[in-house]
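**Q** Structure below; questions to follow.
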Amino acid sequence: MKKLKKTIKIAGALIFAAALLFPAEGSAMGRKPKTFPIHMAVDFGPADKPGYSGEFEVEKGTTPKEAVSRVYPVLSGMACCSLRDLIEIGGVRIDPAKNYWWVCSLNGSRKVSPRKTKLKRGDRVEWRYIEESQ
Amino acid sequence: MALRSGNLGAAELSGRISYDGPAVKQALRVEEKRKGACGASVDSPVLIADAHGNLKNAVVILESRKGDAPENSESAADLQVAPAKLTLDQKNCRFDPHVAVVTSGGAVEISNTDPMAHDVRAFLGSKIIFQFEMDAGHPVVSKEFNEPGVYVLRCGLHKWMHAYVIAVAHPYFAVTSEDGSFSIFGIPEGNYRARVWHEKLGEVVIPITFVGEKSSLDYTFSVHNNPATAS
């Protein structure tokens, strides 16, 4: 009896390990996160640094701010209204004295919240370092 | 505006700051949705020089030869000079004055006499110090500038609107007027240099020598050192 119990325990452990290593398709562990392609462009403007233009996959729920952080290191801070504003991309920081800011547009429109808008398949995100004098 | 210490020093520094480039008058285009309230364009306050080259809104700050506060001086608090209280108004979609200097710890009273709202933001470097909205007729808001440095104030709604508030740890400074002239009074005895600053033309440091109790400083920013301003 003791031998049987031990055998059952070992078998159970082996099955569990196999499930971890080889999850069945459709199972919670086997499900890959949903991703879709977006296009990202980053223009450093007068900062004289080569920009970026390319397509890559992002997960559902990704925001424009999260997406650009996949391409360049970013720094958050209070540029306007929240500590989560984006003040630096790729080492290029906003310059309030010269009125240079990082501006985000989505599919050509600036009506986007970089921190809250959730991207969709095929979205075109653009980050530009520009002078906002007008 | 120069402050009189009324206490330690009797020396005076005065002079004129000028610019040898072409007289500049630049009109900034106002975005369409703001035109009704602000007009079609706003004169740029960035580089104001008259036909004689006299430069407005340059700042002259006295420093010891080592680059810190004037020798033998005390802080504005120790001199019992009340930090200057400055009024910064928002009028005709511009900040007035465009450049101001206060002793650090001094208060700036910000008002809005325009018929529309403004969104006031103050930066020190890339760091925002404060931000608040002011509707038309909003009560005056008083803000202290405690840390010495060059603060940029901007309106979040009217992108061209900006001003500079420079906070200095002592009261020996001046802002040039329309004719480029300035005066600094009550300077304690010592060896100095003057830091001359302009938002567009840059900054220079010039040794000062007092003869008796007076010294004069005339300096010309040259277009040759500032090719970006030549157009």
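The values are calculated or read from the model by the stated rules, or taken from the named source; none is laboratory data. Just so it is clear, the model here is predicted, and its values are computed rather than measured. Virtual Cβ from ideal backbone geometry, glycine too; neighbours counted across all protein chains shown.
**Q** Select from the range A:101-134 the residues that are in a strand (DSSP E or B) and within 14 Å of another protein chain (Cβ to nearest Cβ) and write down the one among them that is nearest to A:Ile38 (Cα to Cα).
**A** A:Val103
**Q** Which pairs do you get when a residue that is assigned to a strand (DSSP E or B), found in the range A:88-100, comes within reach of a residue that is of a type in the set (D, E, K, R), reach meaning Cβ atoms under 7 angstrom, with the pair 6+ apart or on two chains?
**A** A:Val92/A:Lys49; A:Tyr100/A:Glu131
**Q** Something else now. On the basis of being under 17 Å from the mean Cα position of the chain (by Cα), within 14 Å of chain B (Cβ to nearest Cβ) and surrounded by 20 or more Cβ atoms within 10 Å (Cβ to Cβ), does A:Leu75 make the cut?
**A** Taking the combined requirement at face value, the residue does not satisfy it.
**Q** Quick one: A:Gly108 ticks every box in (1) surrounded by 16 or more Cβ atoms within 10 Å (Cβ to Cβ); (2) modelled with pLDDT of 95 or more; (3) of a type outside the set (Phe, Trp, Tyr) except a single one, so which number is it?
**A** All conditions are met except number (1).
**Q** Exactly one of (1) among the small types (Gly, Ala, Ser); (2) modelled with pLDDT of 70 or more; (3) surrounded by 14 or more Cβ atoms within 10 Å (Cβ to Cβ) is unmet by B:Ala10. Its number?
**A** Failing condition for B:Ala10: (3).
**Q** I want to confirm something. Restricting to the range B:140-160 and keeping residues that are within 18 Å of B:Glu109 (Cα to Cα) and crowded, with 20+ Cβ neighbours inside 10 Å, which single residue is farthest from the other protein chains (Cβ to nearest Cβ)?
**A** B:Phe145
**Q** Please find, among B:Trp197, B:Trp160, the residue that is of a type outside the set (Asp, Glu), at negative phi and touching an Asp or Glu at 6+ places or on another chain (Cβ under 6 Å).
**A** Matching residue, one of B:Trp197, B:Trp160: B:Trp197.
**Q** Let me ask something else. Go through the range A:1-35 and count every residue that is at pLDDT below 80 and in a loop (DSSP other than H, G, I, E, B).
**A** Counting residues in the range A:1-35 that are at pLDDT below 80 and in a loop (DSSP other than H, G, I, E, B) gives 12.
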